[in-house]
There are 2 protein chains.
Amino acid sequence: MPKWKFKAWCTGYPGGKPPRFLRPFLLLLLLVEGKSHGYELLERLREYGLNYELQDIGYLYRTLRVMEREGVVSSRWDVSGEGPGKRVYTITEKGKKELEEWTRTLASIKDSLDSFLKIYMEARGKSE
Amino acid sequence: MPKWKFKAWCTGYPGGKPPRFLRPFLLLLLLVEGKSHGYELLERLREYGLNYELQDIGYLYRTLRVMEREGVVSSRWDVSGEGPGKRVYTITEKGKKELEEWTRTLASIKDSLDSFLKIYMEARGKSE
DNA sequence: TGATTTATATGATTTAGTCATATATAATAG
DNA sequence: CTATTATATATGACTAAATCATATAAATCA
């Protein structure tokens, strides 16, 4: 049994590790949510069907910090709500521009995956 | 001007690097082509719409070697054809099983990308 | 015969991602 | 009231993924 609840959520992908989509996924969530913090963003990923199977929540926080350093998000420390203090992030104008670029990238990757699945299904159909 | 022709093919993705799909793409190509070698597989990637924008052809050869070590492909050195010797690969039974797993993984990733693009388009529609 | 194309390969490095663990506040159970 | 669990963020050390730079060699072309 895992020491932290988070570990139990992490099942991993069969046949491969999740790729480099954490950053665009976080940018998108911050665009549609307006503002959010790390722990909450983790839950939103699932709710929005962005099945990013994160192995390590530390990486999520680290990624947000890197994104802030690069100016695509900004944060402030918030102790006003319930529970412990949260680092609340918002997307910047620079972040919105980067998200737009990501959208083209991910659309192109999606096209490749469509091709992949189509070719595989055709090959399966023939051999059977 | 690049010293090697290959360098000129590499434009890179805007807004992010290509993810970990080289291995499943190569497995699929070997399934449908029967057999092929590294340099040829690079061309097939584009022909089949698997737009994997490889930055470094060395990584392709390295990946094939790793895949062979792990038993998902096998190779033999072939000097019978035109041009210099080629290392010709075929997919193994183990490779076919792994490819099937990859198919589920990539289908799940495709779903995430569909969600991403849908959410982005909706958000764009509202703000404009 | 010198440049180009086809073809494979690897040492060194950088970047991405994971593992293990630390810390602190608030809520809940006994 | 205290011990445990849940919420929340963080970082040092490490491993794996990917790139950069470069080497090699046979065949073809100018």
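The values are calculated or read from the model by the stated rules, or taken from the named source; none is laboratory data. Worth saying up front: this structure is predicted, and the values here are computed from it rather than measured. Using ideal geometry, Cβ is built from the backbone for each residue, glycine included, and neighbour counts are taken over all protein chains shown.
Per-structure values
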{"quantity": "Test for B:GLU70: is it among the charged types (D, E, K, R) and touching a Cys at 6+ places or on another chain (Cβ under 8 Å)", "calculated": "no"}
{"quantity": "Test result for B:TRP77, exposed (fewer than 15 other Cβ atoms within 10 Å of the Cβ), within 13 Å of DNA strand D (Cβ to nearest atom), at pLDDT 95 or above and farther than 30 Å from A:GLY95 by Cα", "calculated": "yes"}
{"quantity": "Residue match in the range B:68-80 (condition: in a helix (DSSP H, G or I), within 12 Å of DNA strand C (Cβ to nearest atom) and touching a residue at least 40 places away in the same chain (Cβ under 8 Å))", "calculated": "no"}
{"quantity": "Condition broken by A:SER75, with the remaining ones in (1) within 11 Å of chain B (Cβ to nearest Cβ); (2) farther than 17 Å from A:GLU101 by Cβ satisfied", "calculated": "(1)"}
{"quantity": "Cross-chain or 6+ apart pairs with Cβ under 7 Å, the range B:38-59 first and closer than 24 Å to B:ARG76 by Cα and within 10 Å of chain A (Cβ to nearest Cβ), then in a helix (DSSP H, G or I) and within 13 Å of DNA strand D (Cβ to nearest atom)", "calculated": "B:LEU45/B:PHE25"}
{"quantity": "Selection from the range A:94-128 of residues that are more than 7 Å from chain B (Cβ to nearest Cβ) and either surrounded by 18 or more Cβ atoms within 10 Å (Cβ to Cβ) or among the aliphatic types (A, V, I, L, M) (or both)", "calculated": "A:GLY95, A:LEU99, A:MET121"}
{"quantity": "Residue in the range A:84-107 that is under 17 Å from the mean Cα position of the chain (by Cα), under 25 Å from B:THR105 (Cα atoms), among the charged types (D, E, K, R) and assigned to a helix (DSSP H, G or I) present", "calculated": "yes"}
{"quantity": "Residues of the range B:1-53 that turn out to be modelled with pLDDT of 60 or more, buried (at least 18 other Cβ atoms within 10 Å of the Cβ) and near DNA strand D (Cβ under 7 Å from one of its atoms), as a count", "calculated": "1"}
